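The structure appears right after this line, and notes come after that.
The values are calculated or read from the model by the stated rules, or taken from the named source; none is laboratory data. Note that the structure is predicted; figures quoted are calculated from it, not measured. Backbone-built Cβ (ideal geometry, glycine too); neighbour counts: all protein chains shown. SASA here: full protein model, heavy atoms, side chains in, ligands and nucleic acids out. Shrake-Rupley method; radii C 1.70, N 1.55, O 1.52, S 1.80 Å.
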Amino acid sequence: MRHSWGFTVLVLMLSAVSAMAIQRPSAKVTMLDGNLTLPSEGFNPRAAVSIMAEYIKTHPDFVAGVVAWLIAGSIVWLFGFIVFLLSEIGAVLVVRDQDFRDKLISEKYMTPSQGDAYEKLTNNENKKMAPRPYLSAAATLFMFIGTSCLMYPLCDTLSIIGLPSAPCVLLITVGSFLATICNVTFLLFLIWSCTRAWAALVFLLVSFTGSILLPTGNPILLCIWVIIAVGGSYAYFVYLPSTYASPTDIPPFVQNIGNFNVEPSLDKFQAAFKDGYEVTRDEIQDRVDESSRAVQAAADKVAAEAEKAKQAAEAAAKQAAEAAGAKKEDGAAAAGDNKKSS
């Protein structure tokens, strides 16, 4: 089992190391049972495999440590992933319902002045979405931490085979941050593509270009990508909508994805979650009450049908008894007539 885990970890580490390898002079790595040196022409996967295999044999705890980091990173990342999906899918459902009502209003099928129900529904939906920026931001942070945990064993691997030329923790942190941006924007593309196609394309463009440039490890290209991605997103989601005097003047290709302002205020944070909790609680209570009313209505209907069937059975029994009595009287009358005639 130990060798199986060791081989698996070895493959995972070296598959990532090969992308991070740089041209450098030979690096001498001291093992417990001797010295191993990487070839002077640069990164050699065969030599790296030999070094890692020898190191795992002499340091069995290394595999356990790598597996612990991978498990912890996977759990943290998966938690953030699930919270992010729930938060954004909930926002999509609310925005889609609001878009549908706005379309009905624009086509004169309904008017907001028909009563307070429209205003109450809109306010409840906005309150329900209030925690969404904090949930999505926290989920993104968890995904970043999980990715960092998953990548951290690379530092030890690079050190063992003699490749690192810069602070590895810094490289892992920056790489995990950029990878998280690519992952989050791709998830936003998938989630919002059903109702915000143009905005989803912006997210896809950011994710696609980042996924191409990130494996290169070129700091200049990555800095340019970050500047363009942040600036372009700000221009599309914030600046362009603000240049129009009225929301009705905004062209169809300029789309928003709802409120995504994370206020650094504890009071606003508590108020957002309080509003979201109260609206969700009321919705659940309304659905429970509606289900109870439906069950009670079904029970009343069954009871009414049973009472109706009971009354029908009693009427049929009474009719049968009357028919039997009439038949008995007719038989007695006929017997009396026969007796008189005889």
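Which condition number does Tyr109 fail, the rest of (1) closer than 26 Å to Lys268 by Cβ; (2) assigned to a loop (DSSP other than H, G, I, E, B) being met?
Every listed condition holds for Tyr109 apart from (1).
Restricting attention to the range 234-252, which residues are among the hydroxyl-bearing types (Ser, Thr, Tyr) and in a helix (DSSP H, G or I)?
Narrowing the range 234-252 to residues among the hydroxyl-bearing types (Ser, Thr, Tyr): 234, 236, 239, 242-244, 246, 248.
Result: Tyr234, Tyr236, Tyr239, Ser242, Thr248.
For the range 155-163, check the following and say yes or no: at least one residue is closer than 27 Å to Pro241 by Cα and in contact with a helix residue (DSSP H, G or I) (Cβ under 8 Å, 6 or more places away or on another chain).
no
When you scan the range 141-151, how many residues do you find that are open to solvent by less than 40 Å² (accessible area, probe 1.4 Å) and within 11 Å of Ile82 (Cα to Cα)?
Residues in the range 141-151 being open to solvent by less than 40 Å² (accessible area, probe 1.4 Å) and within 11 Å of Ile82 (Cα to Cα): 1 in total.
Conditions (1) of a type in the set (A, V, I, L, M, F, W, C); (2) part of a helix (DSSP H, G or I); (3) surrounded by 17 or more Cβ atoms within 10 Å (Cβ to Cβ), marked per residue:
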| residue | (1), (2), (3) |
| --- | --- |
| Leu85 | yes, yes, no |
| Glu88 | no, yes, yes |
| Val95 | yes, yes, yes |
| Lys103 | no, yes, no |
| Asn123 | no, yes, no |
| Leu135 | yes, yes, yes |
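Please determine whether any residue of the range 273-291 is assigned to a helix (DSSP H, G or I), more than 24 Å from Glu88 (Cβ to Cβ) and of a type in the set (Gly, Ala, Ser).
yes
Restricting to the range 197-221, give me the number of residues that are more than 27 Å from the chain's Cα centre (by Cα) and either surrounded by 15 or more Cβ atoms within 10 Å (Cβ to Cβ) or not in a helix (DSSP H, G or I) (or both).
So the answer is 2.
Among the residues of the range 263-272, how many are open to solvent by 70 Å² or more (accessible area, probe 1.4 Å) and either over 23 Å from the mean Cα position of the chain (by Cα) or not polar (S, T, N, Q) (or both)?
6
Name the single residue that is surrounded by the most Cβ atoms within 10 Å (Cβ to Cβ) among those in the range 32-76 being within 11 Å of Ile161 (Cβ to Cβ) and modelled with pLDDT under 50.
If we take residues in the range 32-76 being within 11 Å of Ile161 (Cβ to Cβ) and modelled with pLDDT under 50, then Leu38 is surrounded by the most Cβ atoms within 10 Å (Cβ to Cβ).
Please find, among Tyr152, Tyr118, Tyr109, the residue that is at pLDDT below 80 and over 30 Å from Lys274 (Cα atoms).
Tyr109
Residues in the range 306-316: is at least one more than 25 Å from Leu86 (Cα to Cα) and in contact (Cβ under 8 Å) with a residue 12 or more places away in the chain? Can you show your working first?
Step one: list which residues in the range 306-316 are more than 25 Å from Leu86 (Cα to Cα), which gives 306-316.
Restricting the remaining residues to those that are in contact (Cβ under 8 Å) with a residue 12 or more places away in the chain gives none.
No, the range 306-316 contains no residue that is more than 25 Å from Leu86 (Cα to Cα) and in contact (Cβ under 8 Å) with a residue 12 or more places away in the chain.
Can you tell me which residue in the range 156-196 is surrounded by the fewest Cβ atoms within 10 Å (Cβ to Cβ), limited to those that are touching a strand residue (DSSP E or B) at 6+ places or on another chain (Cβ under 8 Å) and hydrophobic (A, V, I, L, M, F, W, C)? Quick ask: steps written out before the conclusion?
From the range 156-196, those touching a strand residue (DSSP E or B) at 6+ places or on another chain (Cβ under 8 Å) are 160-162; that's our starting set.
Now restrict to residues that are hydrophobic (A, V, I, L, M, F, W, C): 160-161.
On the way: Ile160: 22, Ile161: 26.
Filtering the range 156-196 for residues that are touching a strand residue (DSSP E or B) at 6+ places or on another chain (Cβ under 8 Å) and hydrophobic (A, V, I, L, M, F, W, C), the one surrounded by the fewest Cβ atoms within 10 Å (Cβ to Cβ) comes out as Ile160.
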